[in-house]
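Here's the structure, in structure tokens; my notes come after.
The values are calculated or read from the model by the stated rules, or taken from the named source; none is laboratory data. This structure is a prediction, so every number in the text was calculated from the model and none was measured. With ideal geometry, Cβ positions are generated from the backbone for all residues, glycine too; neighbour counts draw on all protein chains shown. In case anyone asks, the SASA skips ligands and DNA or RNA and just uses the protein heavy atoms, side chains included. Shrake-Rupley method; radii C 1.70, N 1.55, O 1.52, S 1.80 Å.
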Amino acid sequence: MAMHKPASRPANPRFSSGPCAKIPQFNLDMLADAALGRSHRAAVGKDKLKAAIEGTREILGIPADYKIGIVPASDTGAVEMALWSMLGARKAEMLAWESFGSGWVTDVVKQLKIDAEVKTADYGQIVDLATVDFDNDVVFTWNGTTSGVRVPNGDAIPTDRAGLTICDATSAAFAQDLPWDKLDVTTFSWQKVMGGEAAHGMLILSPRAVERLESYTPAWPLPKIFRLTKGGKLIEGIFTGATINTPSMLAVEDYLVALDWARKIGGLPELMKRADTNAKVLWDFCDRNDWLANLAEDPATRSNTSVCLKFTDDRIADPAAFAKAVAKKLETYDAAYDIGAYRDAPAGLRIWCGATIEAADVEKLTLWLKWAFEEVLEAQA
């Protein structure tokens, strides 16, 4: 007999892995100070863009000599700018353990046709970083949004490396401790851990990355939207708020509001703590229920933001159909929205646990997960 439906729902059922939940108590009145109808090149626009850049530096603890730019096309745009502008100077190593990392492999190997060694791992695992030659340029995701695995730390990356590290950190920034001295190019988007609006990416360059840009010219032509240098010198304006194309000042204001919220709650340590607490609720739930497991096989590499789960009950006839039915039932009852596994990932669920999520809502979600599991299993029978 199926269990009774839980008595209360999560106050915020938005567990999507992007766009992610807004900050707690968010309302549109918080955006009243947005520079709407004003040029991003006017003083008010420049000030807000600069505040977004410096607020990012402050909260994430980015070194003063690193450059931070706001670029078009979200995290994808930021990664593409780095790949097209910097790769080709030396051999590359492409590391992929989920769909977005695989996408960067396609760009580098098939589009840019760069000499690259490709190392892959199945969903739920990561590449053995001890086998990577960091004298090559190395491209990787820090946190696999679609696989729920992350790099545990930067210990495998030598400080005296000859190559550049190009890190897609879009689901890691603001939730995980990124070792800036090990990262030369780092990218992320506002719509992940900070719950911002989409279409804007962040591009963070170490002095080594700037040196590469100023000393190397790719063999292929670069579209205007990818150009970071002019006359062999970095275009400094990009990293002070003079964006390549027109940004949304409403989205900028939304990001500033999220940064201010991060300051008020205690900065990066508290952001990471919130994500850790949320993820642990799900990890503990899996430990108590043998029909559900974390897709990440090694606890050291489990993501604390995009937690990916798989059903393990032998009675499930069609795992993909079963997972879809559970996700649909939870959405129908307003208990959880958008928690189906990514289309290229193994069948299961993907539940966002970043800092804008409340642990109490994750706790309530686990009750609904168990109820939905029993309901769908009984319907299947």
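Things worth noting here:
- Of the residues making up the range 71-105, those that are open to solvent by 30 Å² or more (accessible area, probe 1.4 Å) and not in a helix (DSSP H, G or I) are Ala73, Gly88, Ala89, Arg90, Lys91.
- Only listed residue being of a type in the set (Asp, Glu), on the phi < 0 side of the Ramachandran plot and assigned to a loop (DSSP other than H, G, I, E, B), chosen from Asp284, Asp361, Asp344: Asp344
- The set of residues in the range 192-219 being of a type in the set (Lys, Arg) and in a loop (DSSP other than H, G, I, E, B) consists of Lys192 alone.
- Of the listed requirements (1) open to solvent by less than 20 Å² (accessible area, probe 1.4 Å); (2) in a loop (DSSP other than H, G, I, E, B), Gly45 misses just one: (2).
- Candidates in the range 233-252 are the residues that are open to solvent by 40 Å² or more (accessible area, probe 1.4 Å) and more than 24 Å from the chain's Cα centre (by Cα); of these, the one that is farthest from Gly55 (Cα to Cα) is Lys233.
- Taken over the range 124-159, the criterion of being in a loop (DSSP other than H, G, I, E, B), under 30 Å from Pro19 (Cβ atoms), without any contact (Cβ under 8 Å) to a residue 60 or more places away in the chain and not hydrophobic (A, V, I, L, M, F, W, C) is satisfied by Asn153, Gly154.
- Positions within the range 331-357 being among the acidic types (Asp, Glu), within 25 Å of Gly124 (Cα to Cα) and at pLDDT 95 or above, in sequence order: Asp338
- Residues (assigned to a loop (DSSP other than H, G, I, E, B) and open to solvent by 60 Å² or more (accessible area, probe 1.4 Å)) located in the range 296-327: Glu297, Asp298, Asp314, Arg315, Ala317, Asp318
- Residue in the range 23-30 that is touching a strand residue (DSSP E or B) at 6+ places or on another chain (Cβ under 7 Å) and of a type outside the set (Ser, Thr, Tyr) present: no
- Among the residues of the range 106-123, the one identified as assigned to a strand (DSSP E or B) and small (Gly, Ala, Ser) is Ala116.
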